[in-house]
There are 2 protein chains.
Amino acid sequence: MDGADRVDGPNEEHSVKVLVLGGDGFCGWPTALHLSDIGHDVTIIDNLSRRYIDVDLEVESLTPIRPIGERVSVWQELTGKKLSFLHLDLAQEYDRLVTVLLESRPDAVVHFAEQRAAPYSMRSAKAKRYTVDNNVSGTHNLLCAIVETGLDIQVVHLGTMGVYGYGWSGSAPIPEGYLTVKVPTPDGDIDREILHPANPGSVYHMTKTLDQLLFAFYAKNDGLRITDLHQGIVWGTQTPQTALDERLINRFDYDGDYGTVLNRFLMQAAIGHPLTVHGTGGQTRAFIHIKDTVRCIEIAIDNPPSRGEQVKVFNQVTETYRVSELAELISRLTGVEVANLPNPRKEAAENDLNVTRDQFVALGLNPTTLDEGLLEESREIAKKYAHRADYTKIIARSVWNKGMETAPDLMTK
Amino acid sequence: MDGADRVDGPNEEHSVKVLVLGGDGFCGWPTALHLSDIGHDVTIIDNLSRRYIDVDLEVESLTPIRPIGERVSVWQELTGKKLSFLHLDLAQEYDRLVTVLLESRPDAVVHFAEQRAAPYSMRSAKAKRYTVDNNVSGTHNLLCAIVETGLDIQVVHLGTMGVYGYGWSGSAPIPEGYLTVKVPTPDGDIDREILHPANPGSVYHMTKTLDQLLFAFYAKNDGLRITDLHQGIVWGTQTPQTALDERLINRFDYDGDYGTVLNRFLMQAAIGHPLTVHGTGGQTRAFIHIKDTVRCIEIAIDNPPSRGEQVKVFNQVTETYRVSELAELISRLTGVEVANLPNPRKEAAENDLNVTRDQFVALGLNPTTLDEGLLEESREIAKKYAHRADYTKIIARSVWNKGMETAPDLMTK
């Protein structure tokens, strides 16, 4: 972990005022630091719900993340850069949100403030309802508040590749948001550009398909400038900024609800736990390293749509892999075996995935690809904090329908 | 108004247990009575929000609707048929909803419990937020509760023609929910059936496009049996059941937010107010009489999708007219002049509309078309209660964007 990608001193020329909603989370925190590091004036807004959910699930980040107040002061102390934090619930505190917008007059809002785990969103009626109510009301409150203030604030939202579903478009690559189809009419086929049809695989993914319709309406009716980033599965933990000091360390989720596949394998390998593959592992998924996530947000802020333009959609992914390929790769590197478990999700056993992802590269993203060095780096972090792991939290227990089978614990501490 | 369409005595053979959510509203109340009349076991669930909104807007139904408790007792008294009412907020009282479902074990739930006025939904940030939060949480709570109870309850939901937008599909008629399009791939075009792309014209219409995605997900993931009815603009006031006694009379909205176009013209004609056409009146809209609405709900209940089948979508409309044609017709019948006012909506000045509506007719609907007798009947009701009108509430004042022009009051009492 080095600081080579860090910028020394603020770059006032391109400095913009940015609110990072959900800036205490796994993607939000490194994004806030990256944007601060390149000279933007950053305020983090978060309701800390991700930490509350950890309390409810009786689990913690494998890495020892510090309270947000401490995180923010350490960053300021070490870099001399200003970073603020405001505890505000986007879905619940609309009037305060309006006040904050009017007082801070941001150029851009980066919106990560949604419940983001598919398994958690299927866990219980309570979790389903929280995911829908929080995500929809939060996004709508933001759009509504921007209209109410009359400010020309750009919105950059984190979507998901999961809005597209898998295998819908045959051999055609998944486009970036929009698709031109032929519609039959009595006068022959006509071409129409449509938002790619929604095929969400969980309540969580569904909320991002709802967000898309909210964005389309507010862009059309109110001319809001919105970019929706359909991200793949993020892997890795640290960015140059979060690696500056242990007190700035990023979250590392390994539990059955929030742990995502590649990081979960790395953590399992670090503690010698079998690599848990659900079903055959024939599912192909899209990936991106956390270092690229933060760069993509920077690029999206620098390239807003014009007022009156439709929502800009980028696919925020750099590579695709089959889950089984990744498991085999990690198994080969570490000697840890693969365990094929029942799949708690309702999904196709196997799928191909071919994703268009040209826009970010054209705008200057230099993709970080999966290499052994980076895998090793994440595994080292997992090893360093392995003593913090609760082995009873590793197996995925949230199921898509009542009565679906899950595996017993494979390893006890 | 006669009772010829009424059924004498319950028809136990086809009797099903139905909850009518939003059963105190303009469509909900006559539906509840119709379903009770044909022998179904009906419980009305309503949060009375439509009455509360009247309080907030300082307006009342032109017709003197009675409190829901009185309405229900009068119906029972007159017909000997059981009808219950439960004051429950679908969006706010999830746990009670689950209890009600478990205790009543309904065969079907008819879901009208949404904020349903487009102008109201654009009126203010508060109204936009209420519309989204209430409509999305209400629909999602219902779906979630059905899954949680494990009961096989059919859902019949009132959607809107407004999900489709106008003019999207060129000369092709708007299909009933689904559309087969050609998607280009490297191996040639492939056919894909998609939900008709969403083109909502207001926050209210947008919520019904969100509902569609909720339905699609819960039908796919949980096998829920759901029918979505994309209804046109309802006109008329009474059904044979609501006409039985003045204490059963249906609502008649004439104000700028809740008054819909044809009924608004009839009320305006009755009091000699100019017929308020927004813009050129070149907007073509789809219509249905309230007597057909209640029949369509009956038919939808009788023809549920199977478990595992996709959401059934019907277009619940019988005719289409240009707004200017209707104004001219009413003007000719009544001698009241037409006033072309600024359009407070963001919409095309003119559009054609060609709607597929074969399914209900195939299932036995005998469409009530716009005839002078029925127009006269509605005008008589408007005349009878004209003394109740507040003339300052007639002009539409809710605008789609800040600063859009509206007309001054055209007539004072």
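Values quoted throughout were computed directly from the atomic coordinates according to the rules given, and no laboratory measurement underlies them. Computed from a prediction, not measured in an experiment: that's the story for all the values here. Please note: Cβ atoms are built from the backbone with ideal geometry, for glycine as well, and neighbour counts cover all protein chains shown.
Structure summary
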read-out	value
Gyration tensor (alpha-carbon) shape descriptor, segment A:28-100, a/c threshold 1.5	oblate
Most mobile of A:114, A:328, A:103 in a GNM of chain A (Cα contacts under 10 Å)	A:103
Average Cα contact separation per residue, segment A:162-310, under 8 Å, 6 or more apart, as relative contact order %	25 percent
Distance histogram for segment B:128-258 (every C-alpha pair counted, 5 angstrom bins, percent rounded to whole numbers)	2, 8, 14, 16, 16, 15, 14, 9, 4, 1, 1, 1, 0, 0
Among beta bridges that DSSP assigns inside the protein assembly as shown, antiparallel share in %, nearest 5	20 percent
Most mobile listed residue (B:120, B:178, B:166) in chain B, GNM with C-alpha springs under 10 Å	B:178
Of A:126/A:208; A:128/B:208; A:346/B:208; A:208/A:291, those spanning more than 21 Å from alpha-carbon to alpha-carbon	A:346/B:208; A:208/A:291
Base-10 log of normalised Debye intensity for the protein assembly as shown (one unit scatterer per alpha-carbon) at q = 0.05, 0.07, 0.09 Å⁻¹	-0.29, -0.56, -0.90
Three-way shape call for segment A:322-403 based on the alpha-carbon gyration tensor, with the a/c threshold at 1.5	oblate
Beta bridges per DSSP with both ends in segment A:15-393, % antiparallel, nearest 5	20 percent
Highest-MSF residue in chain B out of B:129, B:116, B:332 [GNM, Cα springs under 10 Å]	B:332
Peptide A:217-230 - average C-beta neighbours from other chains (10 Å radius)	2
Efficiency of FRET between residue B:362 and residue A:220 - r from beta-carbon atoms, R0 35 angstrom, step 0.05	0.50
Other-copy label distances relative to residue A:52, 7 angstrom Cα-Cβ extension, nm	2.2
For segment B:49-147: relative contact order, % (alpha-carbon pairs under 8 angstrom, 6 or more apart)	28 percent
Shielding by other protein chains, A:401-409, mean Cβ within 10 Å	1
Peptides ranked, highest mean first, by Cβ atoms within 10 Å: ranges A:190-203, A:53-66, B:262-275	B:262-275, A:190-203, A:53-66
Cα shape, segment A:15-393, gyration tensor, a/c 1.5 rule	oblate
Inter-chain shielding of A:173-185 (mean C-beta neighbours from other protein chains, 10 Å cut-off)	4
Point-charge dipole on Cβ atoms (K/R +1, D/E -1) for segment A:15-393, about Cα centre, debye to 20	440 debye
Across the identical copies, how the residue A:386 labels are spaced - nm, sorted shortest first, 7 Å along Cα→Cβ	8.8
Computed over chain A: relative contact order in percent, which uses C-alpha pairs under 8 Å that are six or more apart	19 percent
Inter-copy separations for residue A:180, label at 7 Å along Cα-Cβ, nm, ascending	2.4
Rough spin-label spacing in nm, given labels placed 7 Å along Cα→Cβ, for residue B:55 and residue A:15	5.2 nm
